[in-house]
Amino acid sequence: MHADPKNVDDARARFCTRAPGPLRLVACGLALGIVLFAAHADARVLRVPDEYASPQAAVDEAGAGDIVSVAEGVYEPPRMTESDVTLMGSGVGTVFIQEIDIRGVDGIVLTGLRVRGGTNDHHFGIACEDANDIVIRDVAIDGFHHGISASGSTVRIAGCEVKDAFNVALLVTQDSAVRVEDTVAGADSAIGMLVTECPRLTEVRRSEIRGTLLVGLRAANANVTVRDTRIEGNPVGVDVVSGHVDLGRSDDPGRNVFLANDVLDVLAARRVNVQASGCYWGRGGRPGADRVSPTVEVFPWLASDPAGARPVSSRSRLATNWARLKTRGPQ
């Protein structure tokens, strides 16, 4: 018996958002456990450290459909070796201090944990290579050259926070197809998101790309759609080198917000046309000619911020809470 994923997600979201303040982390963890048991009624739960000394020992024992449940603590991360396995932490207190590898396996779910780097030896937070149907949900990542990378993979990233990347917070390459939802990425990273050599569609929805050192989103020979996303506080908001980037069309407004990008909101290479209809560019309405390249179509634009004062989503609130609570978790 399997639960309807949409109904399960809706119930979990309601449960999470009702919990006040820091208790939301506990509520979401409990709700997530209910979700996983409902979706995999016959799954085994392999508990670390109660039953297995390390996450890798539990992962090596796990079979398709099993859940590796990791308690609070600091751990060496496992290499995911079996398809259709869930690695579930207990929130910000479950910390992995090296790269989590997902290579050549499918159906992996990572959820409810933190991946922490901080030195030049920490290249990837989570590396997906030749892997399909990967879900990375409610994960905080900081201090790597690349926070999350997808190479030749299909990945869904939801409710995550990725920051302090020496190079790129979210790297999508080699014909990957990635969907980013309700995620905050880019703070103190060189580039928030780089999509390159990806003719398959990459989508960014209800997210925030902010506070980078160079560029919020860069696309090169890529197919990218962005909706309901804040691109804010970067030197350059979006840089389109080549390919197709859809920031909004007249029949499907973008509802993206471009604010406080120091140099340009949207930079497009010569002969590269970019649709950016139905976006908000600040109180002045239409962006000045010095804010977007001549090949960027901005009409019609929004007269007010579509998000207003409300957070992007419940999952983005969760990511923000994790950021605030990090110092309380294991160091």
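Every number here is computed from the coordinates shown, using simple stated rules; none is lab data. Note that the coordinates shown come from a computational prediction; the quantities given were computed from them, not determined experimentally. Glycine gets a Cβ as well: all are built from the backbone with ideal geometry, and neighbour counts include every protein chain shown.
What is the Cα centroid distance between segment 49-78 and segment 135-190, reported in whole angstrom?
23
For segment 230-311, what is the charge dipole size about the Cα centre, in debye to the nearest 20, if Lys and Arg each add +1 at the Cβ and Asp and Glu each add -1 at the Cβ?
Values: 9 positive and 10 negative charges, 20 e Å.
Charge dipole of segment 230-311: 100 debye, to the nearest 20.
Compute the distance from the alpha-carbon center of segment 244-264 to that of segment 195-229, in whole Å.
Spelled out, the Cα-based centre of one part sits 11 Å from the other.
If you rank D133, D50 by fewest surrounding Cβ atoms within 10 Å, what's the result?
D50, D133
So for each of 112-121, 202-211, 238-247 I average, over its residues, the number of other beta carbons within 10 Å; can you give me the resulting order with the highest mean first?
Ranking the peptides 112-121, 202-211, 238-247 by packing returns 202-211, 238-247, 112-121.
When the expected Rg is taken as 2.2 N^0.38 Å, what fraction or multiple of it is the alpha-carbon Rg of segment 166-256?
My calculation over the Cα atoms of segment 166-256 gives 0.96.
Once the mean 1/r over all distinct Cα pairs of segment 230-311 is inverted, what Kirkwood radius in angstroms do you read off?
Numbers: mean 1/r = 0.0799 Å⁻¹.
About 12.5 Å for segment 230-311.
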